[in-house]
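Below you'll find the structure, written out as structure tokens, and then a few comments.
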Amino acid sequence: MDLSTYLLISIVYIPLNVFDLFIITRYMNTLYGLPRKGPYIKLLKIFIVLCASFLYAPYTALWGIAVLCIILLPFYNANKQKKFIFHITLVVLALTSLFTAFSLGESMALQDFYMGIFIIFLPHIIFFVICKLAGKVCAPTEVKLPYKMWLPLLAIPLISILGVAYISYLATHSNLSIEDTNMIQFPLLLMFLLVNIIVFYLYGKLSELVQKRVEGALFEQQLHLQEEHYQALINAHDQIRGVRHDMKNHLEAISILAGQHKDEEILRYLNDIVNQIKLSDNTIFTGNSGIDAILNLKLSEAIRKGISISKSILVPHDLSIPFSDSVVILGNIFDNAIEACGRDHIKEPLICFKMQYVDSMLFIEVKNKTTSKNDPPNLLRSRKPDTAYHGLGLKNVRHIVERYNGTMNISIEDGFFTNKIILYGVQAKNDELPL
């Protein structure tokens, strides 16, 4: 091939390389998220198209442009592990698409002109279909896989490169006819395409598994720490109740001090008792230790942050809801309400809390003022930057609610973010409500 012919073919390949670049960038956007905008990304894309056209034309342009697109990876925020394995697989898919098209074209015994057209366009069509399928089967996730999962997946595209090269070598050095060679070669190439598509599916499924493990570990850790903290709070509440019930002993102690004319000690003693009684006046006592602990902790936290509280609590003394469930549900929904009041910069922050028990149903409602206008489908999305490990609170709540066959409805009504929860089958020995 003389230089003028080579240049002509290279120029002809520019539109096809633009098409391939479009396919690859769509592939990257689907699997890695949208790229960071930079002043050089458009220039890099032009550079990739030209290099693929003139350095790799005419027959290797497809996998050549896949290789060159590695210089676009720094513009994507996906983890390096994911970008590495997916880009190697992309190159394998491009290479295998090219050889598959060649094998199919040769088996059809077309005339040279039609064979040329077939070989020019078919690899790009196969590559387009395969890249679209890859984006469909891979679940979007940014969880980093452990190496014992990642390395076996990485081995699939690496072995595929060797396999495709070996098949091509055998095809060119075989004593068999072209038809017989392609009868063997074509299904093997299709198998390599399918196997590499499975890489995306397995990566997505393994990532979901790891994500569930991470959420479970965070859930258990949160539960352990909260139970320890709230158990300490229960002990403190027991001490406060002890003060109220030991007034006889206090009066006797004051009488003794008065007989000894220790006026200053009497005043200090009385101040201590008054402060403890004031503290207990704002304390919620439903008779359910877990509910009392979490409500008193979160309501006190809200008051310290300048948030007004409106509460209505009517539940029996002996609800059959485990301590851990009350911690997860009440703790998370109050945490979200308190955080929202600070984040949205509400001038007069307010949280309204209602908890009521009726006929084995426990109704819980938390409302907080908000300036958000989000639609309900977007309300469960975490606003924190690291969404892989945040936004788990309401997921944990929903998990508990589902165990009670209950419902959780979130909405924005009249300037209030409202979370309504109903738990079914919550038993109580009697329906006596606290005074």
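The values are calculated or read from the model by the stated rules, or taken from the named source; none is laboratory data. What you are looking at is a predicted structure, and each value in this text was computed from that prediction instead of being measured. Backbone-built Cβ (ideal geometry, glycine too); neighbour counts: all protein chains shown. Accessible surface areas use protein heavy atoms only, side chains included; no ligands, DNA or RNA. Shrake-Rupley method; radii C 1.70, N 1.55, O 1.52, S 1.80 Å.
Summary table
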{"read-out": "Some residue of the range 104-124 being of a type in the set (A, V, I, L, M, F, W, C), touching a Ser or Thr at 6+ places or on another chain (Cβ under 8 Å) and within 20 Å of Val18 (Cα to Cα)", "value": "no"}
{"read-out": "Residue satisfying all of: in the range 357-377; modelled with pLDDT under 85 and open to solvent by less than 50 Å² (accessible area, probe 1.4 Å); farthest from Lys347 (Cα to Cα) among these", "value": "Ser372"}
{"read-out": "Residue count, the range 337-356 (criterion: in a helix (DSSP H, G or I) and buried (at least 17 other Cβ atoms within 10 Å of the Cβ))", "value": "4"}
{"read-out": "Test: residue in the range 96-105 that is farther than 18 Å from Met28 by Cα, of a type in the set (S, T, N, Q) and not in a helix (DSSP H, G or I)", "value": "no"}
{"read-out": "Members of the range 299-324 found to be open to solvent by less than 50 Å² (accessible area, probe 1.4 Å), within 15 Å of Glu365 (Cβ to Cβ) and in contact with a Cys (Cβ under 6 Å, 6 or more places away or on another chain), listed by number", "value": "none"}
{"read-out": "Criterion: of a type in the set (S, T, N, Q), surrounded by 15 or more Cβ atoms within 10 Å (Cβ to Cβ) and either over 30 Å from Gly393 (Cα atoms) or modelled with pLDDT under 75 (or both) - qualifying residue of Asn182, Asn275", "value": "Asn182"}
{"read-out": "Top-ranked residue in the range 145-160 [being loosely packed, with under 13 Cβ neighbours inside 10 Å and either basic (Lys, Arg) or more than 13 Å from Leu206 (Cβ to Cβ) (or both); ranked as nearest to the chain's Cα centre (by Cα)]", "value": "Lys148"}
{"read-out": "Pair list, Cβ < 6 Å and 6+ apart or interchain, from the range 350-365 residues that are under 18 Å from Ile400 (Cα atoms) to residues that are among the polar types (S, T, N, Q)", "value": "Phe363/Gln356"}
{"read-out": "Where a residue in the range 193-219 is among the acidic types (Asp, Glu) and its partner, wherever it lies, is open to solvent by 30 Å² or more (accessible area, probe 1.4 Å), with Cβ under 8 Å and at least six apart", "value": "Glu215/Lys395"}
{"read-out": "Answer residue from the range 72-81, given it is modelled with pLDDT of 85 or more and hydrophobic (A, V, I, L, M, F, W, C) and is least open to solvent (accessible area, probe 1.4 Å) among those", "value": "Leu72"}
{"read-out": "Leu295 vs. criteria part of a helix (DSSP H, G or I), touching a helix residue (DSSP H, G or I) at 6+ places or on another chain (Cβ under 9 Å) and farther than 16 Å from Leu394 by Cβ", "value": "yes"}
{"read-out": "Top-ranked residue in the range 18-38 [being more than 21 Å from the chain's Cα centre (by Cα) and under 15 Å from Leu90 (Cβ atoms); ranked as most open to solvent (accessible area, probe 1.4 Å)]", "value": "Arg26"}
{"read-out": "Matching entry among Ser308, Ser326 (being farther than 22 Å from Ala428 by Cα and of a type in the set (S, T, N, Q))", "value": "Ser308"}
{"read-out": "Residue match in the range 167-174 (condition: in contact with a Phe, Trp or Tyr (Cβ under 7 Å, 6 or more places away or on another chain), at pLDDT below 85 and closer than 22 Å to Val91 by Cβ)", "value": "yes"}
